[in-house]
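Notes for the one structure printed next.
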Amino acid sequence: MTESIAGVPIPDTPLIADATALLTRTLVQGAASPLLFHHSRRVYLFGMLHAEIRGLAPDPELLYVGAMFHDLGLTDTYRTPERRFEIDGAAVAEEFLRARGVGAGPARQVWTAIALHTTPGVPEYMEPEIALVTAGVETDVLGIGYAELDPAAVAEVVAAHPRPDFKDAILRAFDHGFRDRPGSTFGTVNADVLAHFDPTFERTDFVEVIRTNPWPE
C-alpha cells in the first residue's frame, strides 16, 4: 500500500524501500539521532509540494533518493577527509542507483542534485529533480518557500516527521560533518557554520587567493 503524507505519495517500489533502508541502517550504525531521517523525508515531501506549485513533474524515485541521500556525507559512514560533504553523498547516491539498474544519465542527475543542494541560485534553473532537492532543503533549513506552502500540508508533514530543536540540531550536525575538513568549505555557505562554532577556524579569503597566487601580475 502506497504511503501518502500531505497528499504526496511515497512510491511503494523496491528502489524507495532500499533507499529508506540504507539511510536508516546508516544512522543506526553511526548511533545517530533520527534528525537526518526526518529532515531527509521532509526534503522529499516539501520538494514534491513545491513541484505542484511550480508545475514541475519530477521522477518521484529520483527525487526521493536525492532527498534521502543528500546529507549522507555528514555521517561517519560515508564522510571522507577532504571532499565537500555534498560530493560524498552524491557519490553514494550515484553508485546506489547504478547498482539497481538506473541509467547513467538519471543517476548523474541525482548526483548533481545532491552536489548542488547548498549552492544557491543555480539548481532552480536545472532539471526538476535537481531544482526540487534544493527547494526542499531550502524550505526545511532556511524557511525559503515556507510561506508558499499550504499550512495544513506543512503541519501534516511535520506531524509525520517532527523537527524538535531542529535549527540547533542541524547546525550541530553540520559542524560535526565538516569541522575536520575546513578547507572543503571554501566558497560555500558551510564556511559560515565553522566561523560560528569553531574559534580556531580561519576563513580562506578569495581576494587573497588571487593576490598571492604564483602569477606575477
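Every number here is computed from the coordinates shown, using simple stated rules; none is lab data. Bear in mind that the values here come from a model prediction, so they are computed numbers and not experimental data. Positions of Cβ are backbone-derived with ideal geometry, glycine not excepted, and every protein chain shown enters the neighbour counts.
For the stretch 3-162, averaging the sequence separation of C-alpha pairs within contact (under 8 Å, six or more residues apart) and dividing by the residue count gives a relative contact order of 27 percent. Counting beta carbons within 10 Å around each of PHE178, PHE37, PHE201 and listing the fewest first gives the order PHE201, PHE37, PHE178. For the chain, the longest principal axis of the Cα atoms and the long axis of helix 128-137 meet at an angle of about 80 degrees. Annotation for the stretch 63-77 versus the stretch 98-171: alpha-carbon center distance of 11 Å.
Using only the alpha carbons of the stretch 3-162, what is the convex hull's orientation-averaged projected area in square nanometres? Let's see the in-between values first.
Values: hull surface 35.2 nm².
So the Cα hull casts an average projection of 8.8 nm².
Note the full-extension length gain between ALA17 and PHE206 as 0.36 nm times their separation in residues minus their Cα-Cα distance, in nm to one decimal. Can you show the working numbers first?
Details: separation 189, 0.36 × 189 = 68.04 nm, distance 4.32 nm.
Answer, rounded to one decimal: 63.7 nm.
Label-to-label distance, ILE87 versus ALA99, with points set 7 angstrom from Cα along the beta-carbon direction: 2.2 nm.
Shown for GLU202, GLU129, GLU124, GLU156: other C-beta atoms within 10 Å of each C-beta, ranked fewest to most, produce the order GLU202, GLU124, GLU156, GLU129.
Each Cα pair under 8 Å and six or more residues apart adds its separation to the average, and for the stretch 1-75 the resulting relative contact order is 37 percent. Cβ-Cβ distance of ASP180 and THR77, R₀ of 25 Å, FRET efficiency by 1/(1 + (r/R0)^6): the value works out to about 0.95.
Roughly what angle does helix 35-54 make with the longest principal axis of the chain, taking Cα atoms, 0 to 90 degrees, to the nearest 10? Approximately 70 degrees, to the nearest ten.
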